Amino acid sequence: MSEGEKTRLVAWSRELRSVHERLREALRVTREALAAGGSAEPAARDLLLFCHGFCSALTGHHAGEDRELFPAIAARHPGLRPTLRRLEQDHSMIAHLLAGLREAVDRSAPPAELDRHLEGIAAIMESHFRYEERRLSEVLETLALDADPSRVLGPL
């Protein structure tokens with residue numbers, strides 16, 4: 001295996017961690033926008049923008065994993081199918097939580113309610129990311145998948 005091939009193989013693990021860090025940062029910025037908010041119209045627009053951007057990024061990440069990454073892992077590592085099913089169930093639960101946040105933002109819910117939504121998403125998202133990284137990092141370091149990282153892990 002050439003050094004270039006090895007670098008590409010290891011890149012999937014690094015790509016996943018990098019996307020997770022960007023999503024954590026997007027959530028942090030969203031929560032800061034909420035904390036700084038108040039009732040001023042520009043603050044409300046900023047929060048709406050951050051929430052929709054964060055929700056879209058997280059949804060795109062999970063859709064890419066479900067569509068591209070998980071089937072590739074399952075094909076090469078059938079023993080990981082139960083882990084992948086659990087991660088897909090997490091994706092479904094997070095999608096439900098994101099829908100609740102979107103609905104709350106769209107109806108201009110009070111900051112305390114929005115913060116509860118973000119807190120729930122943050123807790124599940126962090127647990128999911130840690131589990132995913134723990135269970136899949138080794139596999140991702142050896143995964144030969146010739147695909148665009150933004151399609152597999154979502155655009156960010």
Positions within region 127-151 being surrounded by 14 or more Cβ atoms within 10 Å (Cβ to Cβ) and under 18 Å from ARG85 (Cα atoms), in sequence order: HIS128, PHE129, TYR131, GLU132, GLU133, ARG135, LEU136, SER137, VAL139, LEU140
Options ALA109, ALA122, ALA72, ALA104: the member that is within 21 Å of PRO149 (Cα to Cα) and surrounded by 15 or more Cβ atoms within 10 Å (Cβ to Cβ): ALA72
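List the helices (runs of 4 or more DSSP H) that sit entirely inside region 34-135 and contain at least 2 residues that are of a type outside the set (S, T, N, Q) and within 17 Å of the chain's Cα centre (by Cα).
Working: elements: 41-64, 70-76, 81-106.
Counting at least 2 such residues, we get 41-64, 81-106.
Keeping to region 144-156, report how many residues are in contact with a His (Cβ under 9 Å, 6 or more places away or on another chain), part of a loop (DSSP other than H, G, I, E, B) and under 16 Å from ASP66 (Cα atoms).
2
Where a number appears in this text, it was derived from the coordinates with a stated rule and is not lab data. It should be emphasised that the depicted structure is a prediction, and the values quoted were computed from it without experimental measurement. Reconstructed Cβ throughout: ideal geometry from the backbone, glycine too, with neighbour counts over all protein chains shown.
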